[in-house]
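What follows is a structure written as structure tokens; I'll ask about it next.
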Amino acid sequence: MPQLRSDYFGTITYHPGSVIEFPRGLPGFDDQRSFVLIEQEINKPAVFLQSLARPDLCFLALPAAAVEPGYRLFLSDEDRAVLGVGGQQSPGEEAALLVLVLVSLAEGRPPTANLLSPVVIHFARRLGVQSIPSDSPYSHQHPLEAEPAAAPCS
């Protein structure tokens, strides 16, 4: 099994089939295309999106519905094409999508979640995008009610 080094989690062994590819990278990190999700029981529902190429690049994320019950996903046709989902999502396709919002932790400020630009992962295909819709009612600085239990990275 391959291993990766993380500045926040030390050496991690991962299954090659667990790698999530972001064909377009992430905004601001266009060259970072391969990530693994790290879940820890103590931090649930929070997850960490760790870059395979950069040990120092890790994002703290929460399921969108945990932050905003009833969260509605807005995916562009381009995002749908990258993920391989049709224009009209069937219930099966929707269940295969994990919708995460990145959490921002800034010293001296309360934590916020980026509901405007969610990270959408198609689990069966191991593909992801950070969706940036042109028309969305959500904010990129949605206040969080409570700070995540532990945040080794953000």
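What length, rounded to one decimal in nm, is gained on full extension from ARG72 through to PHE123, with 0.36 nm per residue of separation minus their alpha-carbon distance? Each step should come with its number before you reach the end.
Working: separation 51, 0.36 × 51 = 18.36 nm, distance 1.86 nm.
Length gained, ARG72 through PHE123: 16.5 nm.
On the principal axes of its Cα set, how long, how wide and how thick is the chain? Give whole Å, largest value first.
Largest to smallest, the principal-axis extents are 42, 39, 28 Å.
On to the next question. Can you compute the charge dipole magnitude of the chain about its Cα centre, using +1 on each Lys and Arg Cβ and -1 on each Asp and Glu Cβ, nothing else charged? Give it in debye, rounded to the nearest 20. List each step's numbers first, then the result.
Numbers: 10 positive and 17 negative charges, 55 e Å.
Dipole about the Cα centre, nearest 20: 260 debye.
Just to confirm my numbers, what's the Cα centroid distance between region 2-19 and region 42-87 in Å?
Each part reduced to its Cα centre gives a spacing of 19 Å.
Also: Taking the Cβ-Cβ separation of ILE132 and ASP7 as r and a Förster radius of 25 Å, what is the calculated FRET efficiency to the nearest 0.05? List each step's numbers first, then the result.
Details: r = 27 Å, r/R0 = 1.08.
It comes to 0.40.
Right, here's the next one. From the phi of every residue in region 55-69, what ³J(HN,Hα) in whole Hz does the Karplus formula 6.51 cos²θ - 1.76 cosθ + 1.60 yield, where θ is phi - 60° and glycine or proline is x?
x, 8, 9, 8, 10, 8, 9, 10, x, 3, 5, 6, 8, 9, x
Since every read-out is calculated from the coordinates, none of them should be taken as a lab result. Computed from a predicted structure; not experimentally measured. Methodologically, a virtual Cβ is constructed for each residue, glycine included, from the backbone with ideal geometry; neighbour enumeration extends over all protein chains shown.
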